[in-house]
1. Spot the failing condition for Gly74; the list is (1) under 19 Å from the mean Cα position of the chain (by Cα); (2) open to solvent by less than 70 Å² (accessible area, probe 1.4 Å), and only one is missed.
2. In the range 102-136, what count of residues is obtained for those that are open to solvent by less than 50 Å² (accessible area, probe 1.4 Å), in a strand (DSSP E or B) and not aromatic (Phe, Trp, Tyr)?
3. Just one of Glu64, Glu57, Glu86, Glu69 is of a type in the set (Asp, Glu), modelled with pLDDT of 75 or more and within 19 Å of Leu133 (Cα to Cα); which is it?
4. Any residue at all in the range 102-113 that is farther than 21 Å from Ser51 by Cα and among the basic types (Lys, Arg)?
5. Quick check on Val99: is it modelled with pLDDT of 70 or more, open to solvent by less than 80 Å² (accessible area, probe 1.4 Å) and within 21 Å of the chain's Cα centre (by Cα)?
6. Residues of the range 111-133 being over 15 Å from Phe76 (Cα atoms) and without any contact (Cβ under 8 Å) to a residue 12 or more places away in the chain, which ones?
7. For the range 87-108, which positions are farther than 14 Å from Ala75 by Cβ and without any contact (Cβ under 8 Å) to a residue 24 or more places away in the chain?
8. If you check Gln45 against the conditions, is it open to solvent by 70 Å² or more (accessible area, probe 1.4 Å), modelled with pLDDT under 70, farther than 12 Å from Phe103 by Cβ and of a type outside the set (Val, Ile, Thr)?
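The values are calculated or read from the model by the stated rules, or taken from the named source; none is laboratory data. In this text, all values refer to a predicted model and were calculated from it rather than measured experimentally. For neighbour counting, all protein chains shown are included, and Cβ atoms are generated from backbone atoms with ideal geometry for every residue, glycine included. With ligands, DNA and RNA removed, areas are computed over all heavy atoms of the protein, side chains included. Shrake-Rupley method; radii C 1.70, N 1.55, O 1.52, S 1.80 Å.
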Amino acid sequence: MKMNDFNLMDNERVTSSSDDNMIPLINIVFLLLIFFMVAGQIKAQPDKEISLPVSSELENAHAELLRLEIFVDGAFKLNGHYVELEQIRTQLEKESSSVIALFADARVTAKQLDDVLQVFANDARFKIKLYTLEQS
């Protein structure tokens, strides 16, 4: 027996399939898919515990620097940090933006909402936008 009998690859020609050229393209498509899945989630969302009220008229939402969230239990979040009602005014004075995006839970009472709005009642510097869900 010769040594060449065991090595079948020497005598056969290895052919490359045309599918081998698709592998780099598939890799690029998967990388783009992952990139857009991650990049699409960058926009700050309101807290999951907040259930927004429904509205029939909606205005396009713009990126706001100041986000004030009101929870049904009376808790407040300013730009993702819990604050007390008395601290909202002093925290806002440190900010450069005058537009406040207000996300109030649909179960928040009018009294709770009025207490927050009284903080801004005598100051025309701040513009408050109340965000709601579109009525379907």
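1. Checking Gly74 against (1) under 19 Å from the mean Cα position of the chain (by Cα); (2) open to solvent by less than 70 Å² (accessible area, probe 1.4 Å), the one that fails is (1).
2. Narrowing the range 102-136 to residues open to solvent by less than 50 Å² (accessible area, probe 1.4 Å): 102-105, 108, 112-113, 116, 119-120, 123, 126, 129, 131-132.
Those still in the list that are in a strand (DSSP E or B) too: 102-104, 129.
From the residues that got through so far, the ones that are not aromatic (Phe, Trp, Tyr) too are 102, 104, 129.
The total comes to 3.
3. Matching residue, one of Glu64, Glu57, Glu86, Glu69: Glu69.
4. no
5. Taking the combined requirement at face value, the residue satisfies it.
6. Ala121, Asn122, Asp123, Ala124
7. Thr90, Gln91, Glu93, Lys94
8. No: the conditions fail for Gln45.
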